[in-house]
Amino acid sequence: MEAEKNRKVCVKGHAYYKSSDCPTCPFCNKENKPASGFLSQLSSPARNALLHEEIDTLDKLSAYSEKDILKLHGVGSASLPVLRAVLEQAGLSFKA
C-alpha cells in the first residue's frame, strides 16, 4: 500500500508532493547541489545530513567513524563506498 502524498510548497514557491513529514524540497536540492567536491557525489539526503552536522570538508569527515556517519538520518550504506573513495584519494580515512 502506497502512502498518501501531500502537496507542499517550499519557501521559494516550488510545489511538490511527499508522503513523509520531511520538509526538504526536491527542486531546491537540485538547485543547491554543488558542482564539484565530495558533496556533489552524494545523494541529496546524504549531502543534507552531512551539512546539517556541518561536515563540509574531508578533514571534518575523517574525524568520524563509518558507524557515526551511518547513524545520520539520510546517510545509507550506498554512500559509504563514495565517502571511502574520496577520503582515500585525499590520503585520509574514517576514524577507527
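No lab work stands behind these numbers, since they all come straight from the coordinates. Here the structure is a predicted model, which is why all the values come from computation and not from measurement. Here the Cβ is made from the backbone with ideal geometry for all residues, glycine too, and neighbour counts use every protein chain on show.
Using a basic spin-label model with each label point 7 Å from the Cα along Cα→Cβ, how many nm lie between residue 15 and residue 89?
Reported label-point gap for residue 15 and residue 89 is 4.0 nm.
Measure off 7 Å from each Cα along the Cα-to-Cβ vector at residue 66 and residue 36, then give the distance between these two points in nanometres to one decimal.
A separation of 2.9 nm, rounded to one decimal place.
Helix 79-89 versus the longest principal axis of the chain: what angle, 0 to 90°, nearest 10, using Cα atoms?
40 degrees
Could you give the dipole magnitude of region 45-93 about its Cα centre, charging the beta-carbon of Lys and Arg +1 and that of Asp and Glu -1, in debye to the nearest 20?
Values: 5 positive and 7 negative charges, 33 e Å.
Rounded to the nearest 20 debye, it is 160 debye.
I need the peptides 42-55, 11-24, 68-81 ranked by packing, meaning the mean over residues of other C-beta atoms within 10 angstrom, with the highest value on top.
Per-residue Cβ counts within 10 Å, averaged per peptide and sorted highest first, yield 42-55, 68-81, 11-24.
Across region 15-96, what fraction of all alpha-carbon pairs, as a whole percent, falls in each successive 10 Å bin from zero upward?
For region 15-96, the binned pair fractions read 17, 52, 24, 7, 0 percent.
If r is the Cβ-Cβ distance from residue 5 to residue 77 and R0 is 25 Å, what FRET efficiency results, to the nearest 0.05?
Computed FRET efficiency for residue 5 and residue 77: 0.45.
Can you compute 3J(HN,Hα) from phi for each residue in region 68-73, using the Karplus curve 6.51 cos²θ - 1.76 cosθ + 1.60 with θ = phi - 60°, rounded to whole Hz and x for Gly and Pro?
Karplus-based 3J(HN,Hα) across region 68-73 equals 4, 5, 5, 6, 6, 5 Hz.
Quick one: dipole size for the chain, taken about the Cα centre, charges +1 on Lys/Arg Cβ and -1 on Asp/Glu Cβ, in debye to the nearest 20.
Working: 13 positive and 11 negative charges, 59 e Å.
With only Lys, Arg, Asp and Glu charged at Cβ, the dipole is about 280 debye.
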